[in-house]
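What follows is calculated from the coordinates using simple rules that are stated; it is not laboratory data. This structure is a prediction, so every number in the text was calculated from the model and none was measured. Note that we place each Cβ from the backbone using ideal geometry, even for glycine, and neighbour counts take in every protein chain shown.
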Amino acid sequence: MKERCRGLSSRWAESGWIRPVYNALKYVLFCVVIVCVGRILFRRLADVPWQENRPSFLFLSLGLICAVVSRGLSIAAYRNMLQLFRCSLSWKKLAPAAWIAPLGKYVPGKVASALGAVWMLRRNSVRMTVATSVVTMNQILTLAVGVIAAVPLAILNSPPESMAGRGFIWLLLPLLAIIGLHPSVLVPILNLGLKQIGPSRIEAGAGGRSYWAAVGIHACQHALAGVALWAVWRSVESIPFSTALLCVSASALAGVIGYMAFFAPGGLGVREGLLLFLLGPESRSGAIVIVVVAVRIVWTVAELLLAFAAAMMRRLGRESGSNHTNDGADRSEPPGSSPASP
């Protein structure tokens, strides 16, 4: 098995033309998407009646709060996923992996975010196999729950005679993914693969409850993301709350496809184009183009706020640790000792 892996890696290294071609294709696709979506945005922005679409600070604030809570819940998802492998970290140690690493999605390639999370978990003495499994499971769960959240959109846009069939297909694949990621199914498969590589082995805890808690957290994240989209939309256009379900489904579908678009950092351009396509017919004043741009800004602000909070938590943790160390050094001196006189 080791010789086969070395042979594959050497073949990849020898074919030096593959990576440049892949990178070139990725950047070309990204530029094409940005140009196409940018042209649509600029055209629609010119047609927007700005005097009639003054944003409401109240609903913008609600959208930002929902975005911060949605992103912030990722730390709870990581904590529950780690408990599946008999591993536990404090909130301060988990914050960088959950709140700082996701900023790597804006680096082209779609791997910086995952590698950053694995690296930050490894710095806290989490085993490489466990860190990789947790990060991978977390991302697949996000996609699977996102596809399930997009089911209402697929059903609503289907002819009446095919609603049941499309709904079943949309539900089947993500449900299979969620069941396949359950520890009782996944851990034996991982250990079988690790047995071929070396003596390493993953010990799974009694984590059925923690796993389904993580699934529920991801569902809450998608729901809050949809409410954030609705609140930003409501800030510039009077829409009923019944459109919140449409916003949840559209936000989930745009997030999933934006994540899978390997050429678009952070789904930039892809997510905006899908939201324009999905929500445009529902906007009576054409203000949806403002909403799409504002949602990207709101999410970026939320991610930066959480990253700043994680950095401050880590810094305070270091300072408290150094203070404890100094206090311990002071207490370790023998009683009655005095500094040596010169």
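Along the range 71-87, what does the Karplus equation 6.51 cos²θ - 1.76 cosθ + 1.60 (θ = phi - 60°) give for ³J(HN,Hα), rounded to whole Hz, x for Gly and Pro?
Ordered by residue, 3J(HN,Hα) equals 5, x, 5, 4, 5, 5, 5, 4, 4, 5, 5, 5, 5, 5, 10, 6, 10 Hz.
Of the peptides 247-258, 74-85, how do they stack up when ordered by the mean number of other Cβ atoms within 10 Å, highest first?
In descending order of packing, they fall as 247-258, 74-85.
Let me check I've understood the local charge: for K105, count other residues with C-beta under 14 angstrom from its C-beta, Lys and Arg +1, Asp and Glu -1. What total comes out?
Cβ neighbours under 14 Å give a net charge of +3.
Using the Cα gyration tensor of the range 65-116, with a ≥ b ≥ c the square roots of its eigenvalues, what is the shape: rounded (a/c below 1.5), prolate (a/b larger than b/c) or oblate (neither)?
oblate
Local charge sum around C247 (other residues, Cβ-Cβ under 14 Å, Lys/Arg +1, Asp/Glu -1)?
Residues close to C247 contribute a combined charge of 0.
Just report the Cα centroid separation between the range 221-276 and the range 107-126, whole Å.
Going from one Cα centre to the other spans 26 Å.
Restricting attention to the range 232-313, which chymotrypsin sites (Phe, Trp or Tyr not before Pro) occupy a DSSP loop and are surrounded by at most 16 other Cβ atoms within 10 Å?
Taking the range 232-313 and a limit of 16 other Cβ atoms within 10 Å, the loop chymotrypsin sites (Phe, Trp or Tyr not before Pro) found are F262.
Using only the Cα atoms of the range 110-156, build the gyration tensor, take square roots of its eigenvalues as a ≥ b ≥ c, and label the shape rounded, prolate or oblate: rounded if a/c is under 1.5, else prolate if a/b is larger than b/c, else oblate.
It is prolate, given that a/c is not under 1.5 and a/b is the larger ratio.
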